[in-house]
1. Cα axis of helix 39-51 to longest principal axis of the chain: angle in degrees, 0 to 90, nearest 10?
2. Starting from 0.36 nm per residue, how many nanometres of slack lie between Arg130 and Arg69 once their C-alpha separation is accounted for?
3. Which value, in debye to the nearest 20, describes the size of the charge dipole of the stretch 89-167 about its Cα centre when Lys and Arg Cβ atoms bear +1, Asp and Glu Cβ atoms bear -1, and nothing else is charged?
4. Tell me the relative contact order for the chain as a rounded percent, counting alpha carbon contacts under 8 Å between residues six or more apart.
5. Mind putting a number on the dipole of the chain about its Cα centre? Charges go on the C-beta only, +1 for Lys and Arg and -1 for Asp and Glu, and I need it in Debye to the nearest 20.
6. Report the GluC sites (Glu not before Pro) located in the stretch 107-163 that are in a DSSP loop and have at most 10 other Cβ atoms inside 10 Å of their Cβ, or state none.
7. Per residue of the stretch 155-162, in order, report the coupling 6.51 cos²θ - 1.76 cosθ + 1.60 (Karplus, θ = phi - 60°) as ³J(HN,Hα) in whole Hz, putting x for Gly and Pro.
8. Which of His90, Ala161, Ser143 sits farthest toward the positive end of the charge dipole of the chain, with +1 on the Cβ of Lys and Arg and -1 on the Cβ of Asp and Glu?
Amino acid sequence: MNKLLKRVLLVCVCFFALTGQVMADSLSDANRVYDAGDYEKAAKLYSPLAKGGNAEAQYVLGMMYRAGRGVPQDYNEARKWYRLAAEQGHPVAQFYLGWIYAKGRGVPQDIIKGYMWLNIAIANAEDEARKEFIVDRDSIAASMTSDQIAKAQALSKKCTAKKFKGC
């Protein structure tokens, strides 16, 4: 019985290792097609990866729907994909999700929620991206009251503590 269990575990490990490699290769293929400018084909390649939980594919699909590249422009669909990637800690998706809320694109404008997501993106971003995100967050903050900013900062902490789920 012990040998059978070991074999089953070995098969499972191999299966998951191969699945991960296939997803990585598929993402590389989708990125190549996107970079070549074939956005419709890229959307078809990113879609199953995004549906399978790949945060980078979710982010790129969000970008594509926001800009109408290879898919119809649809801020609600963009928000959906950005949110899924943002909940996995993708800082650029967190930034664009904040932008969607702050600008009211496809959703009622919610400057507090927008500031919250931008603040979270800043905490997760690196170097130049962080600097750019700060500039955008601060430009939004200029139109907010100090109470709104305090509320958004508190929500940022709460959302981060929940690992970005349900924010």
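Every number here is computed from the coordinates shown, using simple stated rules; none is lab data. Just so we're clear, the structure is a prediction, and the values are computed from it rather than from any experiment. We place every Cβ from the backbone using ideal geometry, glycine too, and count neighbours over all the protein chains shown.
1. 80 degrees
2. 19.4 nm
3. On the way: 12 positive and 8 negative charges, 92 e Å.
Around 440 debye, computed over the stretch 89-167.
4. Averaging sequence separation for qualifying contacts and normalising by length gives 13 percent for the chain.
5. Details: 24 positive and 17 negative charges, 170 e Å.
My answer is approximately 820 debye.
6. Taking the stretch 107-163 and a limit of 10 other Cβ atoms within 10 Å, the loop GluC sites (Glu not before Pro) found are Glu126.
7. Per residue, the Karplus-derived 3J(HN,Hα) values read 5, 4, 5, 5, 5, 4, 4, 8 Hz.
8. Result: Ala161.
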